[in-house]
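First the structure, in the form of structure tokens, and then the observations on it.
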Amino acid sequence: MSNTELMTINMGPSHPSTHGVLRLLLELDGETIVKCTPDIGYLHRGVEKLCEYKTYHQCIPLTDRLDYLAPMSNNLGYVLAVEKLLDVEVTPRAEYLRVILTELTRISSHLLWLATHALDIGAMTVYFYAFRERETIYDIFEMVSGQRMNISYVRIGGLANDVPGGFVERVRDFVEKFPKFMDDYDGLLTKNKIFMNRTIGVGVIKKEEAIAIGLSGPSIRASGVTWDVRKNEPYSSYDEFDFIAPVFNNGDVYDRYLVRMEEMRQSNEIIRQAIDRLPGGSVNADSKEVVLPPKEEVYNTMEGLIYHFKILTEGIKPPEGEVYFVIEAPKGELGYYLVSDGTDKPYRFRIRPPSFVNMEAFSDMVEGQLIADVVAVIGSLDIVLGEIDR
Amino acid sequence: MSENILIVDKLKEKFSDSIESTKVFRGEITVVVKKESIVDVCSFLRDNKSSKFNYLSDLCGVDKLAINGTFEVVYHLYSITFNNRLRLKSVIADSENPSIDTMCPVWPTANWHEREVYDMFGIVFDGHPNLKRILTPEGFVGYPLRKDYPINGRQPENLKEIYRKDYDRNV
């Protein structure tokens with residue numbers, strides 16, 4: 001007669017495959033997971049609280065540090081929410097540059113996902129290739145904003161500055177070479193027997209469950225839901241570009257892989273179209289109350305100096321009201337809910353992080369699976385703890 | 001937005017006693033619903049054929065104690081079918097023991113969101129399956145996102161001891 005009991009083991013918070021400081025309490029029956037309890041909050045810094053004490057401009061660098069793999073998307077989502085609150089129109093050049101950089105961010109974020117996801121499952125080679133291309137993208141960010149990771153490049157009403165000379169050529173060079181690299185990754189993984197065995201049929205979530213639990217982004221599109229914020233509620237001139245939001249139906253780790261792979265190719269096409277049609281003109285909106293005047297004006301004209309001081313000392317004062325703005329971040333639906341009480345600081349600054357909600361679906365995905373599948377499923381959800389814990 | 005106005009009209013007709021006010025700002029409609037009927041209104045909006053708000057995009061709390069002595073719980077609904085958004089709001093007047101019914105039976109995703117609101121504001125969600133702190137550790141004193149919690153808020157000195165004991169007991 002055998003006597004069995006469940007074993008509880010602790011995975012994380014410092015485990016290389018939990019992609020940050022995620023702790024999982026796993027109850028195991030042999031190698032099968034009976035119950036999984038995620039424990040989050042190790043990286044909680046109180047960003048929402050901090051932002052209530054900062055002026056609208058000062059919040060931008062804090063948003064970089066949410067999903068630190070896609071700082072541009074966080075900046076953009078926040079700034080678009082403030083612009084909606086203020087009712088400011090942005091110039092076409094600023095919108096196109098925002099699209100180019102956000103899509104580059106999406107590619108860099110997906111490249112890191114690809115690298116670590118494959119590494120977790122045991123395919124090491126992809127890691128080095130993916131990081132090589134990610135480096136090229138970070139060089140472009142450095143050229144544009146002086147920073148590699150936390151770029152804080154978007155400003156309310158436009159951008160910090162226009163892109164430097166040589167930017168277009170460098171991006172075009174990347175766009176031309178990238179499809180070839182994608183073929184390399186494809187060749188290494190997509191039809192790789194070991195990779196397929198580890199991912200097909202693992203961590204399945206059905207369409208209805210995915211909607212109810214609140215999945216978004218690539219993860220929900222792998223479950224057969226046709227929904228991409230860029231398509232459904234276009235912002236920043238996304239409606240002017242020709243691209244598709246790939247949808248797959250099985251809802252397993254492999255389909256989430258396929259969705260993200262295709263998304264990278266599509267992002268590349270969006271960048272190609274944007275760089276070909278990049279409009280000229282200013283990158284900042286013509287709105288003196290919101291946008292800092294250029295330095296020459298501050299030094300040489302009285303009016304410029306007055307507005308410079310006014311914005312820096314008093315800040316921007318949006319009207320009383322509340323807005324909710326969502327964008328399609330690399331991880332999913334990123335929302336900002338801002339409540340303004342008419343002062344220079346947000347009364348309530350709420351971030352709706354996609355990873356937080358995607359993580360909620362995690363227990364459903366792994367329960368009943370083998371313990372070795374946990375790292376595969378974590379990788380396929382593409383979580384970032386900076387965003388979950390805020 | 002025009003569809004939303006139709007939905008709001010329908011809501012007013014069906015739940016005439018429960019809808020307190022509606023407001024439009026920057027093209028976004030906010031409907032304030034009495035807290036007793038928020039679950040009914042939400043399940044109606046989810047299941048009704050002409051609205052189908054099948055996705056709960058966000059759920060969060062707002063502290064308005066200093067303004068009018070209330071808490072607000074804000075629901076951002078989205079319909080993937082009709083590509084439509086709506087904001088619902090419930091006002092909790094009892095600031096001593098704030099509580100509201102849980103939304104978990106309608107949308108399971110509310111589970112973690114409500115835990116976060118409980119963690120940050122101390123609003124209790126009646127009927128919630130697992131109402132525990134989520135971002136701050138167990139034993140944390142106070143509710144950090146309330147306006148009366150200071151930005152440089154310090155936890156009691158002995159909290160480390162409490163954690164240490166907790167840890168020893170678990171191991």
> When only DSSP loop residues count, what trypsin sites (Lys or Arg not before Pro) in the stretch A:238-333 have their Cβ near at most 13 other Cβ atoms within 10 Å?
Replying inline: A:277
>> Pairs on different chains or at least eight residues apart, Cα atoms closer than 18 Å: how many lysine pairs in chain B fit?
In response: 26
> Across chain B, where is the longest run that never hits GluC sites (Glu not before Pro) in a DSSP loop with at most 13 other C-beta atoms within 10 Å?
Replying inline: B:1-95
>> If I compute solvent accessible area with a 1.4 Å probe over the protein chains, what percent of it on the protein assembly as shown is carbon and sulfur?
In response: 52 percent
> Out of A:46, A:203, A:365, whose Cα points farthest toward the positive end of the dipole of the protein assembly as shown (charges: +1 Lys, Arg; -1 Asp, Glu; placed on Cβ)?
Replying inline: A:46
>> If you scale each eigenvalue of the Cα gyration tensor by 5 and take the root, what three semi-axes come out for the stretch A:232-390, rounded to whole angstrom and sorted largest first?
In response: 41, 23, 13
> Under unit Cβ charges (Lys, Arg +1; Asp, Glu -1), what dipole magnitude, rounded to 20 debye, does the protein assembly as shown have relative to its Cα centre?
Replying inline: 280 debye
> Using heavy-atom solvent-accessible surface (probe 1.4 Å) with all chains present, what is the largest-first order of A:45, A:221?
Replying inline: A:45, A:221
> What is the P(r) of the stretch A:114-240, as percent of Cα-Cα pairs per 10 Å bin from 0?
Replying inline: 10, 24, 35, 25, 6
> How big is the convex hull of the Cα atoms of the stretch B:2-170, per residue, in Å³?
Replying inline: 134 Å³
>> For residue A:177, give me every one of the lysines with a C-alpha distance below 30 angstrom, ignoring sequence neighbours fewer than eight places off in its own chain.
In response: A:191, A:193, A:231, A:331
>> Can you give me the solvent accessible area of residue A:206 with a 1.4 Å probe, rounded to the nearest 10 Å²?
In response: 120 Å²
> Among bridges DSSP assigns within the protein assembly as shown, what percent are antiparallel (round to 5)?
Replying inline: 90 percent
>> Could you put A:57, B:76 in order of accessible surface area, largest first, with the 1.4 Å probe and the full protein assembly present?
In response: A:57, B:76
>> Please give me, ordered by residue number, the chymotrypsin sites (Phe, Trp or Tyr not before Pro) of the stretch A:329-387 that lie in loop per DSSP and have at most 10 other Cβ atoms within 10 Å.
In response: none
> Quick one: what do you get for the stretch A:72-154 if you divide its Cα Rg by 2.2 N^0.38 Å?
Replying inline: 1.30
> Per residue, what volume in Å³ does the Cα convex hull of the stretch B:19-64 take up?
Replying inline: 113 Å³
> Can you list the GluC sites (Glu not before Pro) in the stretch A:249-352 that are in a DSSP coil and have 13 or fewer other beta carbons within 10 angstrom?
Replying inline: A:289, A:320
> Where nothing but the Cβ of Lys and Arg (+1) and of Asp and Glu (-1) is charged, how large is the charge dipole of the stretch B:2-170 around its Cα centre, in debye to the nearest 20?
Replying inline: 420 debye
> Computed FRET efficiency, Cβ-Cβ of residue B:16 and residue A:128, R0 60 Å: what is it to the nearest 0.05?
Replying inline: 0.40
> How many partner chain Cβ atoms sit within 10 Å of a residue's Cβ in peptide B:52-61, on average, as a whole number?
Replying inline: 5
> Nearest-5 percent of antiparallel DSSP beta bridges in chain B?
Replying inline: 75 percent
> What's log10 of I(q)/I(0) for the stretch B:59-122 at q = 0.17, 0.21 Å⁻¹, Debye sum over Cα points only, no solvent?
Replying inline: -0.62, -0.88
> Hull surface divided by four, with the convex hull built on the Cα atoms of the stretch A:14-58: how many nm²?
Replying inline: 4.7 nm²
>> Give me the tail of P(r) for the stretch A:1-159 as a percent: Cα-Cα pairs with distance above 20 Å.
In response: 63 percent
> Kirkwood Rh, Cα Rg: Rg to Rh for the protein assembly as shown?
Replying inline: 0.96
>> As I understand it, the dipole of chain B uses +1 on the Cβ of Lys and Arg and -1 on the Cβ of Asp and Glu, about the Cα centre. Which of B:53, B:150, B:139 lies farthest toward its positive end?
In response: B:53
> Going from most exposed to least, what order do B:10, A:317 have by accessible area with a 1.4 Å probe?
Replying inline: A:317, B:10
> At a probe radius of 1.4 Å, what is the per-residue accessible area of residue B:12, in Å² to the nearest 10?
Replying inline: 90 Å²
> Quick one: what do you get for the stretch B:1-99 if you divide its Cα Rg by 2.2 N^0.38 Å?
Replying inline: 1.06
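The values are calculated or read from the model by the stated rules, or taken from the named source; none is laboratory data. Computed from a prediction, not measured in an experiment: that's the story for all the values here. We place every Cβ from the backbone using ideal geometry, glycine too, and count neighbours over all the protein chains shown. Please note that ligands, DNA and RNA were not included when accessible areas were found on the heavy atoms of the full protein model with its side chains. Shrake-Rupley method; radii C 1.70, N 1.55, O 1.52, S 1.80 Å.
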